[in-house]
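Student: Could you have a look at this structure, given as C-alpha cells, before my questions?
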Amino acid sequence: MSETKRITRICTINELKPLLSSAIRAHIKQYQLGDIEPSILMCCETTSVQQKKGFFGGSENAVSAVIVTPQWLLWVESINNNVAEVNSALLSHIDIHDYAGSAMGTIAPDSGMNVTGRYTNAIKTGQAFIGIGTDPNGVKFREVLLDAMPKVNSK
C-alpha cells in the first residue's frame, strides 16, 4: 500500500527540468509533430512522491510534465531521475477522464487523468495515467485540457 503526494506547477517548456524538456523536444522532432511550441495552451510540471508503507517501505520520486495545444497532448515522466519517457496523441484520437471518478479511483485513490486512445508512438490503442496534483495549478491544467477536448471533437 502507498500514498502519493503530487504538486503541480504551471510553467513554460523552457522552465521544465532539462531532462523533461529535452525529451519532449526530441519526441517532437522524431515524430515530426511540427512547431507546436508557439501554440501551447498550457504546460505544467508535477512532482510526485510515493511513500510506500509496510516492510518494503521507502519512497519513489517522479517528475512529469504535460503539454496541451489545440491539437496535441504530450506527456513525459521520469522516475527517480531515470530516462524520461514521452508520449503524445492528437486530441481527436483520445478520450480524457478524471481518474478520481473512475472505478479504479474508488479502489486506489489518486489524482490525475486517464488517457485512452491512439498515441503517436504506438500502433495500438492504449490507456495511460497522467498524475496531476489537486492543487490550484493542477485544477487549472485539468480545466484547460478538458476545455480543449470538445473543440477538437466538434470539428
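Student: Could you please find all residues in segment 11-51 being under 17 Å from Gly133 (Cα atoms) and among the hydrophobic types (A, V, I, L, M, F, W, C)?
Tutor: Kept after step one, since they are under 17 Å from Gly133 (Cα atoms), are these residues of segment 11-51: 11, 16, 42-51.
Hits for segment 11-51 are Cys11, Leu16, Met42, Cys43, Cys44, Val49.
Student: Return the pairs, sorted by first residue and then second, in which the second residue is assigned to a helix (DSSP H, G or I) and among the polar types (S, T, N, Q), the first residue lies in segment 17-36 and is more than 19 Å from Pro70 (Cα to Cα), the beta carbons are less than 8 Å apart, and the residues are 6+ apart or on different chains.
Tutor: Here the result reads Ser21/Asn14, each pair linking segment 17-36 to a residue that is assigned to a helix (DSSP H, G or I) and among the polar types (S, T, N, Q).
Student: When the residues of segment 55-107 are narrowed to those that are among the β-branched types (Val, Ile, Thr) and out of contact with any strand residue (DSSP E or B) (no Cβ under 7 Å at 6 or more places or on another chain), which ends up modelled with the lowest pLDDT? Don't jump to the end; show me each part of the working.
Tutor: Here is the first cut: in segment 55-107, the residues among the β-branched types (Val, Ile, Thr) are 63, 66-69, 76, 79, 83, 86, 94, 96, 106-107.
With out of contact with any strand residue (DSSP E or B) (no Cβ under 7 Å at 6 or more places or on another chain) added as a condition, the list becomes 69, 83, 106-107.
Values: Thr69: 96, Val83: 86, Thr106: 62, Ile107: 69.
Of everything passing the filter in segment 55-107, Thr106 is modelled with the lowest pLDDT.
Student: May I pose another question? Counting just the residues of segment 108-121 that are under 21 Å from Ala62 (Cβ atoms) and part of a loop (DSSP other than H, G, I, E, B), which one comes out modelled with the highest pLDDT?
Tutor: So, considering only residues that are under 21 Å from Ala62 (Cβ atoms) and part of a loop (DSSP other than H, G, I, E, B), the one modelled with the highest pLDDT is Tyr119.
Student: State yes or no: is Ile10 touching a residue at least 24 places away in the same chain (Cβ under 8 Å), of a type in the set (A, V, I, L, M, F, W, C) and in a helix (DSSP H, G or I)? Give the derivation first.
Tutor: Details: touching a residue at least 24 places away in the same chain (Cβ under 8 Å): yes; of a type in the set (A, V, I, L, M, F, W, C): yes; in a helix (DSSP H, G or I): no.
Taking the combined requirement at face value, the residue does not satisfy it.
Student: Can I ask one more? Name every residue in segment 75-97 that is more than 12 Å from Ala128 (Cβ to Cβ), in contact with a helix residue (DSSP H, G or I) (Cβ under 7 Å, 6 or more places away or on another chain) and in a strand (DSSP E or B), in order of residue number.
Tutor: Ser78
Student: Ok, one more. Of all residues in segment 69-92 being small (Gly, Ala, Ser) and over 15 Å from Arg25 (Cβ atoms), which is surrounded by the most Cβ atoms within 10 Å (Cβ to Cβ)?
Tutor: Step one: list which residues in segment 69-92 are small (Gly, Ala, Ser), which gives 78, 84, 88-89, 92.
Now restrict to residues that are over 15 Å from Arg25 (Cβ atoms): 89, 92.
Values: Ala89: 24, Ser92: 14.
Among them, the one singled out is Ala89.
Student: So, in segment 14-29, how many residues would count as being surrounded by fewer than 18 Cβ atoms within 10 Å (Cβ to Cβ) and of a type in the set (A, V, I, L, M, F, W, C)?
Tutor: 2
Student: Phe141: touching a strand residue (DSSP E or B) at 6+ places or on another chain (Cβ under 6 Å), at pLDDT below 90 and either part of a strand (DSSP E or B) or farther than 24 Å from Lys29 by Cβ (or both), yes or no?
Tutor: Numbers: touching a strand residue (DSSP E or B) at 6+ places or on another chain (Cβ under 6 Å): yes; at pLDDT below 90: no; either part of a strand (DSSP E or B) or farther than 24 Å from Lys29 by Cβ (or both): yes.
Judged against the criteria, Phe141 is not a match.
The values are calculated or read from the model by the stated rules, or taken from the named source; none is laboratory data. Predicted model, so just to flag it, every value in this text is computed and none were measured. Virtual Cβ from ideal backbone geometry, glycine too; neighbours counted across all protein chains shown.
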